[in-house]
Each structure stands twice: as C-alpha cells, then as structure tokens.
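> Okay, handing you the structure first.
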Amino acid sequence: MGPPGAGKGTQAERLVDDFDLPYYATGDILRAAVNNGTELGKEVKEYMDRGELVPDDVICQVIMERLDSNEASDGFLLDGFPRTVPQVEALDDALDKRGRALTAALLVDVPDEEVIRRLSGRRICVKNQHVYHVEFDPPKEEGVCDQDGSRLIQRDDDKPETVQKRLDVYHEQTEPLIGRYEDRGLLRRFDGRRPPDEVHDHIRATLATLRLEAEL
Ligand code: AP5
Ligand code: MG
C-alpha cells in the first residue's frame, strides 16, 4: 500500500526477484488491458484517465481470477489492491473461503510533495511496465529498459492535474484502510523517502523475518 508514486512498483520488482512470488499489480493489469483494447480495458480507461478508482466489482473480479491460478498457490504479492473498504472485505472473504490468510500489509509512505516530484519524472517500459525515474533511478541507456530493452514512455495518468486527483482519491478512500490493517496487527510501515535500495533492504528483512516466523 501507499500513495501514488510511493515506490510500490519499484519495490515489488525487487521483491519478486528475492522471494520468487507471483506479482499482481492492479494498475499494471488494467493498463495492459487498455493497451490491448480488451473489453476490460474499454470499461476502465475513462476512470483511469480521470485518476479515479475503477468500480470495486470490476477490480475484485480481476484479482479473484488470479488468486485461483496455480502459480499463486504458494503465496503472492499484491500491489494496488485492496484500495477501498469493500475491496478489503472481498479479499478477506476470498482468502477465508480458500483457508488462506494475509501475511502482512506493507505500507510505503511518502508525503504529497514528493509524489509530485517523482511522478513528473517517472518512465515505464512499453513491454513490461518496468519503472524508472529520469533523475532518481535512470536506466543505463536513456529511453531504453535495462531489463527487456523496450522503449520507455510516460504514463497517461502522470499529468499534474491527474496526479493531484489520484492523491485526493488515495487520502479519501485508501488511507482509511491503514488503520484497519494496523488494528489486525498486519501493518508494516516503511519510509518511502529513503533511496530505493534502502527501502528494499528494510522490506526484504521484514518479509524474511515473517517467513521464518511462519515456518516455526
Ligand atoms: P496504480 O498503477 O496502482 O497507480 P498508483 O497507486 O497511483 O501508484 P503508482 O503506480 O503511480 O506508484 P508506485 O507506488 O507504484 O510508484 P513507482 O514505483 O512507480 O493505479 C493506476 C490506476 O488504476 C488508478 O488510478 C485506478 O484508476 C486504477 N486502479 C488500480 N488499482 C485499483 C483498485 N484496487 N481499485 C480501483 N481502481 C484501481 O515509483 C514512482 C516514481 O518514483 C518512479 O519514477 C520511481 O523510479 C521513483 N521512485 C520510486 N522509489 C523511489 C525512491 N525511494 N526514491 C526516489 N525515487 C523513487
Ligand atoms: Mg505502480
């Protein structure tokens, strides 16, 4: 969890390598659907362009399909879901029914001013949406993805007015979920203002400890 631009995707890319987990980022899944012109893409494009959340039932279905896939049977990493109270409830219900539970809710937090700075310089690759920043996390070769060689572009919803809307939506609809996960003892907080590798070290250490505890 965390505001737009906190570094959720940046950290997830690193954690996927560490823990060999399937990774489900709802924003990435929706952007791919828009780019491929699928029915889902047509349904969600306008919400995304406005910086609003897509309807709960649409996004819940996207996630539920993945929870039942074979690759997710040993655990998974979610990015950008859940983001509303009904989404939390749908996830709890779905996990309950499958006899499974969340290990942790990871919050990467940064202040709003930092979000604006980051998103104006963000670039993603056209092939796999790998994340870069022109100043803070540049690729080795300008405009080219280090990992798959594809072209780097700016996201449609990184225009300043849309970023402000996404921040407002985060504070109104998603921030209240933090207290819920805190009350359940699942929340782990990370200072997203630190450099990417430092944030990564902290999260990796936390997850490694949680994994050891789970094995005891
Ligand atoms: P989504 O794609 O999830 O966007 P978001 O939450 O706004 O988050 P971002 O992807 O913008 O930021 P991030 O935290 O991943 O940061 P990143 O690592 O890229 O959602 C998009 C849209 O899809 C939503 O608006 C909504 O319409 C829809 N949607 C998705 N999920 C939904 C749901 N559950 N329900 C309803 N609708 C949903 O990093 C940002 C930049 O900062 C990069 O350039 C990076 O290089 C740089 N950076 C990262 N970490 C650091 C650091 N530590 N120091 C300096 N720079 C850094
Ligand atoms: Mg992201």
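> Using +1 at the C-beta of Lys and Arg and -1 at the C-beta of Asp and Glu, which of Pro139, Thr103, Met1 has the Cα lying farthest in the positive direction of the dipole of the chain?
Positive-most Cα among the choices belongs to Pro139.
> Over segment 47-92, what number does the Rg to Rh ratio reach, with both radii from the alpha-carbon atoms and Rh per Kirkwood?
That ratio equals 1.00.
> When ligands, DNA and RNA are left out and all protein chains stay put, how many square angstrom of accessible area per residue does the chain have with a 1.4 Å probe?
It amounts to 55 Å² per residue over the chain.
> In addition: Based only on Cα atoms, what Rg/Rh ratio does segment 60-114 have, Rh being taken as Kirkwood's radius?
Over the Cα atoms of segment 60-114, Rg/Rh equals 1.02.
> Next up: Calculate what fraction, in whole %, of the accessible area of the chain sits on carbon and sulfur atoms when a 1.4 Å probe is rolled over the protein chains.
Carbon plus sulfur share of accessible area: 47 percent.
> Let me ask something else about it. Rounded to the nearest 10 Å², what accessible area does Glu182 have for a 1.4 Å probe in the complete protein model?
Rounded to the nearest 10, that gives 90 Å².
> If one computes P(r) from the Cα atoms of the chain, what percent of pairs lie at distances over 26 Å?
Every Cα pair in the chain considered, those over 26 Å come to 34 percent.
> Expressed as a fraction of 2.2 N^0.38 Å, the rule-of-thumb size for a compact globular protein of N residues, what is the C-alpha radius of gyration of segment 1-124?
So segment 1-124 has a normalised radius of gyration of 1.08.
> Net charge near Leu177: determine it from the other residues with C-beta under 15 Å of the C-beta of Leu177, scoring Lys and Arg +1 and Asp and Glu -1.
Net local charge, Leu177 excluded: -3.
> For the chain, give the magnitude of the charge dipole about the Cα centre (Cβ charges: +1 Lys/Arg, -1 Asp/Glu; no others), in debye to the nearest 20.
Charge dipole, the chain, about its Cα centre: 220 debye, nearest 20.
> If you don't mind, there's one more thing I want to ask. Between Gly179, Leu207, Phe190, whose Cα lies farthest towards the positive end of the dipole of segment 168-216 when Lys and Arg beta carbons carry +1 and Asp and Glu beta carbons carry -1, centred on the Cα centre?
Leu207
> Using a 1.4 Å probe, how large is the accessible area of Cys145, given in Å² and rounded to the nearest 10?
Probe radius 1.4 Å; accessible area of Cys145 about 10 Å².
> In whole percent, what relative contact order does the chain give with Cα contacts below 8 Å and a gap of six or more residues?
Computed over the chain, the figure is 28 percent.
> Still on this structure, please answer the following. Using 16 Å as the cut-off for backbone N distance, which residues of segment 82-99 belong to the label zone defined by a point 7 Å from the Cα of Thr206 along Cα→Cβ?
82
> Another question, then. For segment 9-55, evaluate the Debye formula with one uniform point scatterer on each Cα (no solvent term) and list log10 I(q)/I(0) at q = 0.18, 0.20 Å⁻¹, rounded to two decimals.
After summing over all Cα pairs, the log10 values are -0.61, -0.69.
The values are calculated or read from the model by the stated rules, or taken from the named source; none is laboratory data. None of these values were measured; they are calculated from a predicted model. Glycine gets a Cβ as well: all are built from the backbone with ideal geometry, and neighbour counts include every protein chain shown. The protein model used for the area step is the full one, side chains on, heavy atoms only, and it has no ligands, DNA or RNA in it. Shrake-Rupley method; radii C 1.70, N 1.55, O 1.52, S 1.80 Å.
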